[in-house]
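Contents: one structure, followed by commentary.
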Amino acid sequence: MTVSRPTLETPQQPVLAGELPRRATWFELFGDLVFVAAVGQATHRIGGHPHAASIAAAAALFVPLWWTWVLYAVRANRADRDLTVQRLLTTAGLAAVTGMAVHLGGVGHDRGADAGFVVSYLCARAGVAALYLRDLRHEPRLRRIAASYLTGSAVTAAIWLAATFALDGPARYVAWGVAMTAELALPLLAGRRLADSPSDAEHLRERFGLFTIIVLGETVLGFTNGLVTAETAPAAALTGAAAFALAAGLWWSYFSASSTRPGAHDAVASGGRHMHVYVFGHLPIQLALAVTGGAVGAAVATTTSHLNTALAACVLGGTAVFLTSTALVRASFTGLREPVVLIRFVTAAATLCLLPAVGRLPVAATLAAPAALLAASVVAEAPGHRRRLVP
């Protein structure tokens, strides 16, 4: 399509403020900075103690962090007017997110850290509730969704508090899991109420892209810190290069699939199946990136010639989960038989096939192999992405 430049004979028409596409505000970006610190604490648990139990704990703790970010992002997408009162309420909630970051490293090791993390989490959620209550004054369509959120949050908060202060050992964390599962189910139970609330599909897509950048940033920070720790180790430069290639491949893969023609994600705004698939599909995507990032940092810093099974599973398994999840999210808009979707499934399977060989592969090769597969996938997908860019 050819775009003509404006001339004296064809003056430009003024663009009305209401026609401008909505973009993330500077305050939303400030809030993302707070979540950077919290996500970093989760990935540090993987790098600091690279064994299965610590990795599983870090992955579990990532979920309430992710859900807190989703609650603020979706609420802002529906009703945020960037007013001073809204900024103050959100800032109070972000202060609670900082508390989550502070206590996250000690969860599972110290009762006080457990209590601090849960109380901070519930305070962060209370900030969302306060925002919804204020929004009702200007946006009556939010009444049904706000009522569902407030009622469900009150019930799950009681479970969180009872588990934290009345239970010990594994029972406490099982109850946390029940409470977290119930919270994630709330939007699904809300059903048609979501369709009654306003939403901006392109703004929401931008917000999830920005959070993906945050999580990917932990991968970059991880292998950079690993290189600082490794200093002059002979294989450090090669391993660092492989880690950088893997991070670049993950970025390219996500944003190649995300760059579709304007309006391609309009179905997200309906609040139905597409909305659920898009939002919840990003949980395994971003969790996989976080786990992979923590493992990559530990891999670059290691002094051994091979990765242990847990770290290798994080790198290769995380990459495979990322590819599979992005494929499924895309398939909800394009269908399972779309070429890009099939290419990602095949690449994910090929990545998992590397697992039996990790005991014989050098660390750099364990990082370079999935990076090479991602690069091949990106090249193979290019024609499909170009077709999706055409209106």
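The values are calculated or read from the model by the stated rules, or taken from the named source; none is laboratory data. The structure displayed is predicted, hence computed values, not measured ones. So basically every Cβ, Gly included, is an ideal-geometry build from the backbone, and we count neighbours across all protein chains shown. Side chains are part of the model used for accessible areas, which takes the heavy atoms of the whole protein and leaves out ligands, DNA and RNA. Shrake-Rupley method; radii C 1.70, N 1.55, O 1.52, S 1.80 Å.
Name the residue that is modelled with the highest pLDDT, counting only residues in region 350-391 that are assigned to a helix (DSSP H, G or I) and more than 19 Å from TRP252 (Cα to Cα). Working first, answer last.
So the first thing to find is which residues in region 350-391 are assigned to a helix (DSSP H, G or I), and the list is 350-352, 355-357, 363-389.
From the residues that got through so far, the ones that are more than 19 Å from TRP252 (Cα to Cα) too are 352, 355-357, 363-366.
Values: LEU352: 96, LEU355: 92, PRO356: 91, ALA357: 88, VAL363: 88, ALA364: 89, ALA365: 92, THR366: 92.
The qualifying residue modelled with the highest pLDDT is LEU352.
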Selection from region 287-328 of residues in contact (Cβ under 8 Å) with a residue 60 or more places away in the chain, surrounded by fewer than 24 Cβ atoms within 10 Å (Cβ to Cβ) and within 28 Å of HIS385 (Cα to Cα) yields LEU287
In region 49-96, anything without any contact (Cβ under 8 Å) to a residue 24 or more places away in the chain, open to solvent by 30 Å² or more (accessible area, probe 1.4 Å), part of a helix (DSSP H, G or I) and closer than 30 Å to ALA301 by Cα is listed as ALA53, ALA56
Sole miss for VAL300 among (1) modelled with pLDDT of 90 or more; (2) under 26 Å from VAL39 (Cα atoms) is condition (1)
* Verdict on LEU373 being in contact (Cβ under 8 Å) with a residue 24 or more places away in the chain, under 30 Å from ARG273 (Cβ atoms), touching a helix residue (DSSP H, G or I) at 6+ places or on another chain (Cβ under 9 Å) and crowded, with 17+ Cβ neighbours inside 10 Å -> no
Exception for ARG261 within (1) modelled with pLDDT of 75 or more; (2) open to solvent by 40 Å² or more (accessible area, probe 1.4 Å) falls at (1)
If you go through region 339-353 one residue at a time, do you hit one that is open to solvent by 20 Å² or more (accessible area, probe 1.4 Å) and in contact (Cβ under 8 Å) with a residue 60 or more places away in the chain? no
If we ask which residues in region 329-338 are charged (D, E, K, R) and surrounded by fewer than 19 Cβ atoms within 10 Å (Cβ to Cβ), their number turns out to be 2
message = Can you confirm whether ARG273 is touching a helix residue (DSSP H, G or I) at 6+ places or on another chain (Cβ under 8 Å), under 30 Å from LEU65 (Cα atoms), surrounded by fewer than 18 Cβ atoms within 10 Å (Cβ to Cβ) and among the charged types (D, E, K, R)?
response = yes
Only one of GLU202, GLU183 is assigned to a helix (DSSP H, G or I), closer than 24 Å to ALA37 by Cβ, of a type in the set (Asp, Glu) and at pLDDT below 95, namely GLU183
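So, ARG137, is that one crowded, with 16+ Cβ neighbours inside 10 Å and basic (Lys, Arg) or not? Steps first, please.
Working: crowded, with 16+ Cβ neighbours inside 10 Å: no; basic (Lys, Arg): yes.
Taking the combined requirement at face value, the residue does not satisfy it.
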